[in-house]
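A quick write-up on the structure given underneath.
The values are calculated or read from the model by the stated rules, or taken from the named source; none is laboratory data. Values in this document were obtained by computation on a predicted structure and should not be read as measured data. Positions of Cβ are backbone-derived with ideal geometry, glycine not excepted, and every protein chain shown enters the neighbour counts. The accessibility values were calculated without ligands, DNA or RNA, using every heavy atom of the protein model including side chains. Shrake-Rupley method; radii C 1.70, N 1.55, O 1.52, S 1.80 Å.
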Amino acid sequence: MAEQTAQQTTGAPAETPASRGRYLYAVSRGLDLDALGGLLGLGDADVEAVEVDGLVGLVSSVDLDEYGEEGLRHNLERLDWLETAARGHDAVVQAAAAVAPTAPMRLATVFRDDDGVRRTLAEQHDRISAVLDRVEGHEEWSVKVLTRTHDEPPTTPASSGAEYLRRRQEARQARDDDQRDAHVAAEQVHDALVGLAAASRRLPPQDPRLTGHAGTMVHNVAYLVPRDLSDAFAAAVGDLTGDHREVLIDARGPWPPYSFAILEEP
Amino acid sequence: MSESGLSHPAAGVMAYQDRPNPASLADILERVLDKGIIIAGDIRVNLLDIELLTVKIRLLVVSVDKAEEMGIDWWRHDPMLTVRERGLAEENDELRQRVEELEAGGGSGGG
């Protein structure tokens, strides 16, 4: 880097290197980039590999106007930008996790250049390896349990004040019963599934406007399931769905092991 | 059993609802913002800002009262957030304003 090259003295600088950064999506082990089939990352940039001692960092170039400190501060406040970035990030992580043990990074892990990525992968090598050991051969499944909402049928107007109050009380009672039933069902769902999982992690309930569902989410748990138990897990979910018509059970996967990619304290 | 209840997140098939995108957006944000390995890159995105953003997203779509009614109060116990309580209060003020704007005008918040 210290040596200057003579031919760059003429003409305007084409592009200052500082305007581009390297975005790190995930770190895999033993991943062959060809297996991703020319996958494109954020901004349709090529996904490339930065290798350090068996670890493969998946990176692509990003514009630092967009992904630098200032740009991110601004962009992270925009839900439309965030959705695009989140989906782009997830697409690369999904593709990698489908073909190799993969530890996803949190959104917006950005370096100046590949040297920065290399330095970090070297520094964190053992901790990342430990995560990969834990998730290798496993998939994450997301299971949620929600109360069913009753569409209140349009009823005739209450004939009296007492009648009105009675109806209101019945409606409240029904809601309370639904909640209690849902918590009981959620416990049974968890008991049935946790035995098939290597680990589980409780996540905060999601808000109804993002899920598009009006019911109360009483259970939102990520399960780390050994791949050879995936079918058994799916079958168990199917049985539970049949057994618990009183609630909505929503199971999705396989996810990359986002919820289990946690660096242990050094 | 014809209905397994399982679906691939990318496929967007839903077991309980016919609006695939919002649901998987919630799942994706929950994971890419809250989960995954935290490593300090060269770009100093303050992770606290991201945590705050997560709060904002949740609060933008569920009012504080509604969230607490539902038993969602995890942000109160998040040490990363409580150290920045002052900042959070400011954020919340902005947030309330934005919720009002959204409620008033339909806004861009994907509803």
Qualifying residue in the stretch A:111-133 (condition: away from chain B (no Cβ under 12 Å) and either touching a helix residue (DSSP H, G or I) at 6+ places or on another chain (Cβ under 7 Å) or closer than 24 Å to residue A:239 by Cβ (or both)): no
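Go through A:181, A:228 for me and flag whichever is within 30 Å of residue A:258 (Cβ to Cβ) and more than 14 Å from every other protein chain (Cβ to nearest Cβ).
Details: A:181 fails: within 30 Å of residue A:258 (Cβ to Cβ).
Just one listed residue meets the conditions, A:228.
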Check every one of the strands (runs of 3 or more DSSP E) wholly within the stretch A:19-86 and list those with 1 or more residues that are within 25 Å of residue A:98 (Cβ to Cβ) and within 12 Å of chain B (Cβ to nearest Cβ). A:20-29, A:55-63
Looking at (1) within 14 Å of chain B (Cβ to nearest Cβ); (2) open to solvent by 30 Å² or more (accessible area, probe 1.4 Å); (3) within 30 Å of residue A:186 (Cβ to Cβ), which is the only condition residue A:103 fails? (2)
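Being in contact (Cβ under 8 Å) with a residue 12 or more places away in the chain and in a helix (DSSP H, G or I) narrows it down to one of A:192, A:197, so name that one.
Values: A:197 fails: in a helix (DSSP H, G or I).
Step by step, each of A:192, A:197 is checked, and only A:192 is in contact (Cβ under 8 Å) with a residue 12 or more places away in the chain and in a helix (DSSP H, G or I).
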Matching entry among A:187, A:170 (being modelled with pLDDT of 90 or more and not aromatic (Phe, Trp, Tyr)): A:187
Scan the stretch A:141-152 and give yes if some residue there is more than 7 Å from chain B (Cβ to nearest Cβ) and more than 30 Å from residue B:99 (Cα to Cα), otherwise no. yes
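Working only within the stretch A:117-130, note down all residues that are surrounded by fewer than 23 Cβ atoms within 10 Å (Cβ to Cβ) and assigned to a helix (DSSP H, G or I). Walk me through it before giving the result.
Taking the stretch A:117-130 and keeping what is surrounded by fewer than 23 Cβ atoms within 10 Å (Cβ to Cβ), we get A:118-127, A:129-130.
Of everything in the stretch A:117-130, those that are surrounded by fewer than 23 Cβ atoms within 10 Å (Cβ to Cβ) and assigned to a helix (DSSP H, G or I) turn out to be A:118, A:119, A:120, A:121, A:122, A:123, A:125, A:126, A:127, A:129, A:130.
Identify all residues within the stretch A:62-99 that are small (Gly, Ala, Ser) and either buried (at least 18 other Cβ atoms within 10 Å of the Cβ) or more than 22 Å from residue A:30 (Cα to Cα) (or both); write none if there are none.
We begin by selecting, within the stretch A:62-99, every residue small (Gly, Ala, Ser); these are A:68, A:71, A:85-86, A:88, A:91, A:95-98.
Passing the criteria: A:68, A:71, A:85, A:86, A:88, A:91, A:95, A:96, A:97.
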